[in-house]
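Visitor: Below is a structure I'd like to ask you about.
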Amino acid sequence: MKFEVSPRQALALFIALLLVAPMVLPAFYVTLLNYIGLYAMVAIGLVLLTGVGGLTSFGQAAFVGLGAYTTGVLTTATDLPGWLAWLSYSPWLTLIAGLLLTAALAYLIGLLTLRLSGHYLPLGTIAWGISLYYLFGNLEFLQGHTGFGGVPGVTVFGHELRKGEQVYYLIWLFVLLAVFTTTNLLDSREGRAIRALKGGMVMAEAMGVNTARARMVIFIIAALLACASGWLYAHLQRFVNPTPFGLNVGIEYLFMAVVGGAGHVWGAIVGAGLITVLKQWLQDLLPRVFGQSGNFEIIFFGVLMVIILHKARAGMWPILVSLFGRVVPLASVRRTIDPNAPALARRAQPRAGELLLAGKAVTRKFGGLVACNGMSLEVRAGEILALIGPNGAGKSTMFNQLSGVDTPTSGEVLFRGKSVAGRGSRAISAMGLSRTFQHVKILPTMSVLENVAIGAHARGSKGVLAAAWRLDRAEEARLLAEAARQIERVGLAEHMHDEAGALALGQQRILEIARALTSDPCLLLLDEPAAGLRYKEKVALGELLRKLRGEGMGILLVEHDMDFVMGLVDRIVVMEFGEKIAEGLPEEVQNDPAVLEAYLGGVE
């Protein structure tokens, strides 16, 4: 029998090593492990925020300072007002106070900065990070840059933790709780919504994800983890001043997350350990090499970061896992699908022939360019309508007006009798419209199953806390079972547990259709679904679309493959230069002089 190590066995071994470490290591290394644990908590938050959510923050050290200063002030001040004095009775009360204060401040900062994109967001985090740092150093009651001491130790079951090896166990208990809750969160409906942020806001919103909420959630969680680290730091050091909470330390935290593996929770611990140990060694070694004192380790870390970004962009964690797997085989882990999970509730389906979508005189102008000019079309339940035209005809622009990605300059878009122009793709998706994309939008490192399950986001309701503590397992089983059913329905069952990025382009397009179907739509908008498909795959796709039409679903299809379109659709609308030039049955459109003129440049 082949011996393999399961993730649970590896975790048990890690915990066992943590338990015995203070018993066998000198006090210096126990202290080093304490700081690695403190830094790892902040780095875990950055893995969630930056590595998974794609939001770069240089200001996490300021939230560490907020946790440290909150408990420091509340446990040492002697003249607190009555409504605050009761918090000084126990450091555990100050932890709660610090978390609440941090959550409120992070929410306010998030409202201001998370709307920024590109390089403006990290610049925004630098701005508020510096602001909080100087606030700590310039307020008189915080003792300025000198700081203050006398912070008491943490009491556990009546016993005060005075020594580093005693605080050690508390610090690493916090780290393991952070790993546990963060890992659980990412392995859930909410976690898929967070990971979907990297696939682009347009895709995530079209699948029913509230991207603004998801960004705020991970920003606040990262801030809370940093705050808890600061609380522990204050009671470990018994002294608080602004120095450990400056911008340079915030950059170090980001180094730790990236070096360890920004997309991996355990990578945060690897990165924190590697940077902390290297920093300690280099501070002793480099002055001897250069013959003078200075922060030479910062130069080294800069070079190290460049090398890692070139050679190991995923960080050190995947490399360590690979090396460990060569010595001790690691058991592969697959998501289990419960075939007996109750089916998700379905929306009431429209009657055959019911008008689902109507675009009336839709016009979209970009400055002086008119991309759509008075375009009108209708899609009914139980039919396939094709929207065709030469390149640059305005099909994708019209597609975006209908699906809520963009808002028409004028005209009206009605879905099931309700005006939806300007409502946004998430709101329209909730009404029963789902779509695919001209340029495939998937999460390449996630499995096919998880990618498709994103489409069912709006069909679940469990929140962040339920996910973090695994109280969502019944709902999660139902969501995954629905995703699996749709994967089998489109013919990708054998690839269910493969990474989506490993699929051929044609299969990725089929994956997008499965994801769209998982949202339980009554209208499906497909943007060039046959592009990249081989002949047999096109035949299978055509059969699937006919089956969906037979079930009463309406389908709007944008496609360039005329052979595929002509043998499949019920009606065709033809665009050229943003205007409709023809509409009718396939055989009518095929022989229309205006259509031949548009495609062939004239008719003899």
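Visitor: Does Gly124 qualify as being without any contact (Cβ under 8 Å) to a residue 60 or more places away in the chain and in contact with a Ser or Thr (Cβ under 7 Å, 6 or more places away or on another chain)?
Guide: yes
Visitor: Would you be able to tell me the number of residues in region 178-235 that are hydroxyl-bearing (Ser, Thr, Tyr) and part of a loop (DSSP other than H, G, I, E, B)?
Guide: 1
Visitor: Just checking, which of Ala348, Ala371, Ala358, Ala331 is in contact with a Leu (Cβ under 6 Å, 6 or more places away or on another chain) and either of a type in the set (Gly, Ala, Ser) or without any contact (Cβ under 8 Å) to a residue 60 or more places away in the chain (or both)?
Guide: Details: Ala348 fails: in contact with a Leu (Cβ under 6 Å, 6 or more places away or on another chain); Ala371 fails: in contact with a Leu (Cβ under 6 Å, 6 or more places away or on another chain); Ala331 fails: in contact with a Leu (Cβ under 6 Å, 6 or more places away or on another chain).
Step by step, each of Ala348, Ala371, Ala358, Ala331 is checked, and only Ala358 is in contact with a Leu (Cβ under 6 Å, 6 or more places away or on another chain) and either of a type in the set (Gly, Ala, Ser) or without any contact (Cβ under 8 Å) to a residue 60 or more places away in the chain (or both).
Visitor: Mind checking which residues of region 380-418 are touching a Cys at 6+ places or on another chain (Cβ under 9 Å), outside any loop (DSSP other than H, G, I, E, B) and not hydroxyl-bearing (Ser, Thr, Tyr)?
Guide: Answer for region 380-418, where residues must be touching a Cys at 6+ places or on another chain (Cβ under 9 Å), outside any loop (DSSP other than H, G, I, E, B) and not hydroxyl-bearing (Ser, Thr, Tyr): Met398, Gln401, Gly411.
Visitor: Given (1) closer than 17 Å to Ser447 by Cβ; (2) assigned by TED's automatic domain parsing to the domain that holds Asp570, identify the lone condition not met by Ala514.
Guide: For Ala514, the exception is condition (2).
Visitor: Tell me the residue from Val321, Val277 that is touching a residue at least 60 places away in the same chain (Cβ under 8 Å) and not in a loop (DSSP other than H, G, I, E, B), please.
Guide: Exactly one of Val321, Val277 is touching a residue at least 60 places away in the same chain (Cβ under 8 Å) and not in a loop (DSSP other than H, G, I, E, B), namely Val277.
Visitor: Can you tell me which residue is surrounded by the most Cβ atoms within 10 Å (Cβ to Cβ) among those in region 157-173 that are closer than 18 Å to Met41 by Cβ and of a type in the set (A, V, I, L, M, F, W, C)?
Guide: Ile171
Visitor: Another question, if that's okay. Would you point out which residue out of Val452, Val464, Val448 is over 19 Å from Asp520 (Cα atoms), modelled with pLDDT of 95 or more and under 17 Å from the mean Cα position of the chain (by Cα)? Before you say what the answer is, go through the steps one by one.
Guide: Working: Val452 fails: over 19 Å from Asp520 (Cα atoms); Val448 fails: over 19 Å from Asp520 (Cα atoms).
Exactly one of Val452, Val464, Val448 is over 19 Å from Asp520 (Cα atoms), modelled with pLDDT of 95 or more and under 17 Å from the mean Cα position of the chain (by Cα), namely Val464.
Visitor: Considering only region 358-381, state which residues are touching a Lys or Arg at 6+ places or on another chain (Cβ under 6 Å), among the small types (Gly, Ala, Ser) and buried (at least 18 other Cβ atoms within 10 Å of the Cβ).
Guide: Ala371
Visitor: On to the next question. Just name the residue that is surrounded by the most Cβ atoms within 10 Å (Cβ to Cβ) out of those in region 108-137 that are small (Gly, Ala, Ser) and in a helix (DSSP H, G or I).
Guide: Checking each candidate, the answer is Gly129.
Visitor: For region 299-318, give me the residue count where each residue is free of Cβ contacts under 8 Å to residues at least 24 places away in the same chain and either in contact with a Gly (Cβ under 9 Å, 6 or more places away or on another chain) or surrounded by 13 or more Cβ atoms within 10 Å (Cβ to Cβ) (or both).
Guide: 2
Visitor: Testing Ser403 on (1) surrounded by fewer than 22 Cβ atoms within 10 Å (Cβ to Cβ); (2) touching a Lys or Arg at 6+ places or on another chain (Cβ under 7 Å), one condition comes back false. Which one is that?
Guide: Looking at each condition in turn, Ser403 falls short on (1).
The values are calculated or read from the model by the stated rules, or taken from the named source; none is laboratory data. Source: prediction; values computed, not measured. We place every Cβ from the backbone using ideal geometry, glycine too, and count neighbours over all the protein chains shown.
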